[in-house]
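Scroll down for the structure; my scribbles are underneath it.
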Amino acid sequence: MRVNSFKKFLDSLNEEELRDEMMRLFTKIEEVKTFYKMDLGSDKDRKKIFDKAKKLIAKKYVTKSYRKPRRPRIQKVNKILSETRKSTVLDYEMIDIYLFTAETAVEFMREYDFHSDPLTNNICNCFEKAQNLIQDNLMEDEFAERVAAIREKGKYSREVRMRLREL
């Protein structure tokens, strides 16, 4: 269905039918419910959604063995990030999620002495996205400590250090 067809459909409905349609969408589709929680909900509701995303991201970096650590699930982390990004109303809310992902990945790399190109790319991409949002929203002072900490911990890997320096 195209946008124009959908607009015609909406124009054909009266106010009561529109309300019924919106309630049907809200109850049937989880993404619609999440969007309205983010848009109309309180800070507490948004914080709950972001905390859930952080918990899911942290789980993807958990491993049991120090000798042979399990590879982090980078694709699943990226899926969580894109789903969270879609439901986010305000750009700057994603800064914390991107920085958290970079911090978790750097910590995993250091703790388990695990190096891989996907992990390095994940760290650098999340760091770059966070940095761009920080600059766009003029929030350098609020996140300066976390950015510096990621750069400091990133020195553990030569490639990460070089790429973070470029950014």
* Asked: How about region 48-64: which of its residues are in a helix (DSSP H, G or I) and within 9 Å of Ile80 (Cβ to Cβ)?
  -> Ala53, Leu56, Ile57
* Structure fact -> Over region 146-167, the set of residues basic (Lys, Arg) and either part of a helix (DSSP H, G or I) or touching a Gly at 6+ places or on another chain (Cβ under 9 Å) (or both) is Arg146, Arg151, Lys153, Arg158, Arg161, Arg163, Arg165
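Filter region 41-69 for residues that are of a type in the set (D, E, K, R) and buried (at least 16 other Cβ atoms within 10 Å of the Cβ); which is nearest to Val106 (Cα to Cα)?
Going through the qualifying residues, I end up with Lys60.
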* Among Arg85, Arg110, Arg163, which is the only one that is more than 20 Å from Lys52 (Cβ to Cβ), surrounded by fewer than 18 Cβ atoms within 10 Å (Cβ to Cβ) and of a type in the set (Lys, Arg)? -> Arg110
* Quick one: Leu90 ticks every box in (1) outside any helix (DSSP H, G or I); (2) free of Cβ contacts under 8 Å to residues at least 24 places away in the same chain; (3) more than 14 Å from the chain's Cα centre (by Cα) bar one, so which box is it? -> (3)
* To do: Only one of these is touching a Lys or Arg at 6+ places or on another chain (Cβ under 8 Å) and part of a helix (DSSP H, G or I): Ile134, Ile97. Name it.
  => Ile97
* Do we have any residue at all in region 35-55 that's farther than 29 Å from Pro118 by Cβ, at pLDDT 85 or above, outside the structural domain of Asp117 (by TED's automatic domain parsing) and not basic (Lys, Arg)? -> no
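Per-residue answers, yes or no, for (1) within 30 Å of Gly41 (Cβ to Cβ); (2) of a type in the set (D, E, K, R); (3) modelled with pLDDT of 85 or more:
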{"residue": "Arg85", "(1), (2), (3)": "yes, yes, yes"}
{"residue": "Tyr112", "(1), (2), (3)": "no, no, no"}
{"residue": "Ile123", "(1), (2), (3)": "no, no, yes"}
{"residue": "Phe127", "(1), (2), (3)": "yes, no, yes"}
{"residue": "Asn132", "(1), (2), (3)": "yes, no, yes"}
{"residue": "Met162", "(1), (2), (3)": "no, no, no"}
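The values are calculated or read from the model by the stated rules, or taken from the named source; none is laboratory data. What you see is a predicted model, and the numbers here were worked out from it, not measured in a lab. Cβ sites come from the backbone with ideal geometry, for glycine too, and all protein chains shown count toward neighbours.
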